[in-house]
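The next block holds one structure in the form of C-alpha cells; read it before the comments.
Please treat every number below as a calculation from the coordinates, not as lab data. Keep in mind that this is a model prediction, so the values were computed, not measured. Note that each Cβ is placed from the backbone with ideal geometry, even for glycine, and that neighbours are counted across all protein chains shown.
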Ligand code: NAI
C-alpha cells in the first residue's frame, strides 16, 4: 500500500477550491503576483496555497499560530517550485515572530491573513513594504476587528476584504466549523462523555452559538455567559441557561470560551470551580483563559493525558486545562481544525478575495471592505453545484412583485 501525499484527503473534500484550480490553471490570472498567506498550516490550508499557486501566484506562507503547524504539509508545499515556507512544526513563539518578519522582507504583493498577524506587522515594522502591497484579505473575527481599528486610525495602507464578515464564511465556518471541531477535540482529548455534562460556553456570537447548540445536541446541559444583553437574550430564547461567569464557574463541568476577548476565565472563577473541571478555549489565540492565574493557585502541575494540563490546588481540587488554553480545535494533540467541507468555503472566499483585488477590482482606496455580494453568491452557487443541489429562481412575476413598492394590484 503506497502513501498518498499529505493534501490528498483534504483535496477530495475541497471541491470549490478544486473548481478554481481547474478554471484558472490555464489562464493563470495571478501570474507575476506574490501572495503571502498566514494561516493554520495543515492540509486544508495546503489546498488553498496550491490553488493560489495553480492560478499563477508565487506563494510565501507562515503560520498564524505557532503550535498548529503540520510538518508533513509544510514540507510537501515547500518542495513545490514557486511556494516557500516560513514555518516548521514545533516553532517557538520567537521563531514564529522571526519567520513572519522574514516573509514580509520578501515584499509580497498581497496578504491573506488570519488574525491580522501579517497585516499589523507589515504596517508596524515594514512600512516600506506596506506601501507596495496591493491588498489583503482577513479571515477571522478578531483579525477583522484589528483591521477595522487600523482603518479607524487612518493607518491602513491598502484595501482589505473582511472575509470573516461575509455570510459564506461566518454562517458556516464560525458556527458549524468551530462548533463541531471544538467539541470533537474536547471529546478526543479527554475521552469523556459530553452527554449529561453542564457545559458553560462563554460568548454567544457565531462560534459560541455553534458550540452551545451542538453540545446540547449531544446531550449536554448548556449554560451561556455573555456581555451583550441582546446575545444573552438570544441564548435564553434558544433554550440555554444564561448567567454570569461568576455564577457559572461553580456550575460547570466543561468550560469553552469563544469570545475573542481576553481574561474571560480568571482567578476568581478558578477559585469557584469544582474538582475535575475541564477548561478549553475555542475563541482567540491563548488569551481567553488566564492560565497564569491558575498556575499561581496550584501547588503542583501534572499531565494526566496528552493535551491536558492538570493544576492541583491546595484544597485538593484539580482543574484541567486543554491545549494550554490555546485553540483546542487547532492545537491539541488530536486537532485537525475545522471539517474540510467548511474550510473549503472559507478558503474559497479567501481565494476569491485575492482574485478580485488583484485582477478585477484594482482601484479600491485603502480601507476595510465587505466582500461584494456578487462574490459571496457566486461561491454559494458553486458550493450548491458541488452538492448537486438545485434551488428555485425567481419568476418574472415574483421579481416584479418584490420591487413593486406601490403594490398596485394589492389584494386588499
Ligand atoms: P462574535 O463577535 O460573533 O462573538 C463573540 C461574542 O462574545 C459576542 O457575542 C460578545 O458579546 C461576547 N463576549 C465578548 N466578551 C465577552 C466576555 N468577557 N464574556 C462573555 N462574552 C463575551 O465572534 P465569533 O465569530 O463568534 O468569534 C469569536 C472568536 O472566535 C474570535 O476570536 C474569532 O476569531 C474566533 N474564531 C475561532 C475559530 C476556531 O477555529 N477556534 C473559528 C472562527 C472564529
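Please list log₁₀ I(q)/I(0) at q = 0.28 Å⁻¹ for region 125-177, using the Debye equation with identical point scatterers on the alpha-carbon positions. Ignoring solvent entirely, the Cα scatterers give -1.09.
Relative contact order of region 175-331, taken over Cα pairs closer than 8 Å and 6 or more residues apart, is 21 percent.
Short-range pairs are left out: with C-alpha atoms under 8 Å and at least six residues apart, the relative contact order of the chain is 15 percent. Three semi-axes describe the equivalent ellipsoid of region 297-380; taken as square roots of 5 times the Cα gyration tensor eigenvalues and ordered largest first, they are 45, 15, 9 Å. So which residue, out of 340, 249, 274, gets the largest mean-square fluctuation from a GNM of the chain using Cα contacts under 10 Å as springs? Of the options given, 274 has the highest mean-square fluctuation. Computed from the alpha carbon positions, the gyration tensor of the chain leads to an equivalent ellipsoid with semi-axes of 36, 29, 21 Å, biggest first.
How would 175, 59, 35, 389 line up from fewest to most surrounding beta-carbon atoms within 10 angstrom?
If I rank by nearby Cβ atoms, fewest first, I get 389, 175, 59, 35.
Annotation: the antiparallel percentage among DSSP beta bridges lying fully within the chain is about 20. Computed on the Cα trace of region 231-285, the radius of gyration divided by the Kirkwood hydrodynamic radius gives Rg/Rh = 0.96. If the Kirkwood radius is taken over C-alpha pairs of region 338-412, then at 37 °C and 0.692 mPa s the Stokes-Einstein diffusion coefficient equals 209 µm²/s.
Convex hull volume of the Cα atoms of region 144-250, normalised per residue: 134 Å³.
From the Kirkwood radius over Cα pairs of region 268-307, Stokes-Einstein at 20 °C and 1.002 mPa s returns a whole-number translational diffusion coefficient of 183 µm²/s. Largest GNM mean-square fluctuation among 288, 58, 360, using the chain with Cα springs under 10 Å: 360.
Neighbour counts of other Cβ atoms within 10 Å put 1, 237 in the fewest-to-most order 1, 237. Each 10 Å bin from zero holds the following percent of Cα-Cα pairs in region 1-130: 13, 44, 33, 9, 1, 0.
Divided by 2.2 N^0.38 Å, where N counts the residues, the Cα radius of gyration of region 175-331 comes to 0.93. Taking 82, 135, 296 as the candidate residues, the one with maximal mean-square fluctuation in a Gaussian network model of the chain, Cα springs under 10 Å, is 296.
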